[in-house]
Structure formats: structure tokens, C-alpha cells
Amino acid sequence: MRPLRESEYLGGAAIVAAHLRGLGARVHLLTALSSDPASRKLVDRLSGTGIHLMSWQRSAPVPTKERYFADTQKLLKVDRGYAQPLDSAIEGQLIGALGDVADDLDAVVFCDYGYGLLSHSLLSRALPVLRPRVGTIAGDVSGPRRTLLDMADFDLLTPTERELRAVSGDFEVSLPGVAMRLMRKLRVANLAVTMGHRGCVLFRPREGSRDGWFGSRLRSEYVPSLSGRVVDTVGAGDAFLAAATLALAFGSGLNRAGYVGAAAAGLELERLGNEPVDTEALLGWLRFRPELRDRANSATA
């Protein structure tokens, strides 16, 4: 095979930060990097974006993923990287940095891609620092990672159905049943279960008061995939997480936040490569949504 073209894109927490920045947020990205060429290239790439990068040293090289396409058909994916947990001193420094900026934050997004930075220890130490001071805390995992079970009292979790069922150990109970069990265990305010080309299902308690949550069945809403054509599935979940979190942080309910997230994911699905979604592109894409035109016409009539 002869490669015709190569392109490089941000990945991991960096692309979530880039989505948030593109949608208008001021962003702090806290992570761990090495001194390898890929880490230096990542720092250079982020330097002109307006994202405030705060990184700590680790010996493991920054993970990379290589994907090979023929036209828009993905043939092969090669992941390079391995997990390396943070030592306790660096973990303490990271939590201290979170505490320093917490009062200026509207939202915090935790992303676990399985390379060791997020752990039970870090989350259990960070959440008491953040929860009283930050209005919206969201989280996501890549793959069936038990870190999801450490995201207690979060305002939004966005696992795939497979990730949710894997950490719950249940592939037979109905999706609402599995969602109810996880949300009750973690006391999560909103759950968006993504299902690839089938869209996503949004779950939230019926009760308004936190003390009365989960006394009855969950409210649920199905949001279909909003993409007219799927060019590349990579990055859709990251776009959903970023857009839905921002919508929640600025006062939207789960249904509207889920729709905005699905719109960002739909726009990402129609692109080749993991490019950040920005406000102008998202608003332009939404302008042609038939369901929004129908609603506008009904309101006019």
C-alpha cells in the first residue's frame, strides 16, 4: 500500500478541550505529558488555540493512534501508548492546581482514556475540592473502565451502552433498568447513553429535589442520530460531551443539552478527521435542521 496523504489531529482530553474552546469557553486543560516529540508537538499545537495548558511530567510517551483509510473506509487502527498511573506527589500537585482555579470554573470535564491519569484516588480527592465550588461536573470514559463507578455526584455522564453495561456487569436487563441502577448508586443527575448510529437515550430523575431522587421510574428521552451521512465516527462522542456539558452549565435542561450534544456529534460525523466543532459551524449546521425549521414555522403561524 502507498500512503497518499497524512493528517494529524488532536485526540484524548486535548480534543475535548478544543471542542470546548471552539464553542466559546475559556479552557484550562490539566494533563500529564512526556518530553517525547509527540508531547512537544502537542504543546505547540495547543499554544495558538487559547487553551491554558497545565501539564505534569511523566516518563511514558504521549499515546498516539494511527488510522488507515481507503477513501472514507477505515482499514486499520494502531494504538501506541500504555498506562502509567501518576505518583502521589504529582497527583497532589494536580489537585492543588484544580483547587486554585475552581472558583473561576463553570464546569469541569473528566475524561478517562485508560492511560493512568484518572484513578479512584484522584477522583476521590478532587471531587470534595470541586463539588462545593463548581456548578457542573461531567465525565466520560473510553472503553469499559471502572473509573465510571468513581464518578459519584456528577451532573452528567455520557457512556456508550456497551460501557454502561460492562461496568454494571449486566447485558440482559433493559437499558432503563441498568441506567436506574447506576444513577441511583452514583446519585448522578443526568445520564446520556450514546448508541452510535442509533443516537442516544437521555435519563434523569422525575423528582425535582435531590433528596427524593429515584423514588419512581426515570424520565427518558430518545434523541436519534442527527447526521445525514457518516464519514468518520472518530470524535463524535467527544463533541457530544463538550457541547452537552456547556449547555448544562449555562442553564439548559437535559433534553436541550442532549440535542445540542447530538448536533455537535452529527456535525463531527460528517467530517473526515477529528476537527474541533466551533460555534459558527454548529449554528450553520443547525440552520438546515428540518425539525427546527418546522418548529419555527409553527411558531410563526
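The values are calculated or read from the model by the stated rules, or taken from the named source; none is laboratory data. As the structure is a prediction and not an experimental result, all values here were calculated from the model. Methodologically, a virtual Cβ is constructed for each residue, glycine included, from the backbone with ideal geometry; neighbour enumeration extends over all protein chains shown. Note: accessible area is taken over every heavy atom of the protein model, side chains too, but ligands, DNA and RNA are not part of it. Shrake-Rupley method; radii C 1.70, N 1.55, O 1.52, S 1.80 Å.
With respect to (1) outside any loop (DSSP other than H, G, I, E, B); (2) within 20 Å of Thr233 (Cβ to Cβ); (3) at pLDDT below 95; (4) open to solvent by less than 80 Å² (accessible area, probe 1.4 Å), the lone exception for Tyr9 is condition (1). Restricting the first member to segment 1-22 and to residues that are farther than 19 Å from Tyr115 by Cβ, and the second to residues that are open to solvent by 30 Å² or more (accessible area, probe 1.4 Å) and among the charged types (D, E, K, R), the beta-carbon pairs closer than 6 Å and six or more apart or on different chains are Gly22/Asp278.
Is at least one residue of segment 14-25 assigned to a loop (DSSP other than H, G, I, E, B), within 26 Å of Leu269 (Cα to Cα) and among the hydrophobic types (A, V, I, L, M, F, W, C)? Yes, there is a match, as at least one residue in segment 14-25 is assigned to a loop (DSSP other than H, G, I, E, B), within 26 Å of Leu269 (Cα to Cα) and among the hydrophobic types (A, V, I, L, M, F, W, C). Would you mind stating whether Val188 is in a strand (DSSP E or B), surrounded by 13 or more Cβ atoms within 10 Å (Cβ to Cβ), of a type in the set (A, V, I, L, M, F, W, C) and touching an Asp or Glu at 6+ places or on another chain (Cβ under 8 Å)? No, not satisfied. When the residues of segment 196-240 are filtered to those that are in a loop (DSSP other than H, G, I, E, B) and among the hydrophobic types (A, V, I, L, M, F, W, C), the one that is farthest from Ser174 (Cα to Cα) is Val231.
Among the residues of segment 129-143, just one is open to solvent by less than 40 Å² (accessible area, probe 1.4 Å) and either of a type in the set (Lys, Arg) or at positive phi (or both), namely Gly143.
Among the residues making up segment 93-127, those that are assigned to a helix (DSSP H, G or I) and closer than 24 Å to Pro61 by Cβ are Gln93, Leu94, Ala97, Ser121, Leu122.
In segment 26-51, the residues that are polar (S, T, N, Q) form Cβ pairs under 6 Å with partners that are in a loop (DSSP other than H, G, I, E, B), at six or more places apart or across chains, as follows: Ser34/Arg58; Ser34/Pro61; Ser34/Val62; Ser39/Val62. From the set of residues in segment 70-111 that are in contact (Cβ under 8 Å) with a residue 40 or more places away in the chain and exposed (fewer than 14 other Cβ atoms within 10 Å of the Cβ), which is nearest to Gly139 (Cα to Cα)? Among those residues, the one meeting the criterion is Lys74. Tallying residues that are open to solvent by 10 Å² or more (accessible area, probe 1.4 Å) and either assigned to a loop (DSSP other than H, G, I, E, B) or under 26 Å from Ser7 (Cα atoms) (or both) within segment 241-261 yields 4. Among the residues of segment 262-278, those identified as within 20 Å of Lys74 (Cα to Cα) and surrounded by fewer than 22 Cβ atoms within 10 Å (Cβ to Cβ) are Glu270, Arg271, Leu272, Gly273, Glu275. Output the residues belonging to segment 134-144 that are in contact (Cβ under 8 Å) with a residue 24 or more places away in the chain and farther than 16 Å from Val16 by Cβ. Within segment 134-144, Val134, Gly135 meet the criteria.
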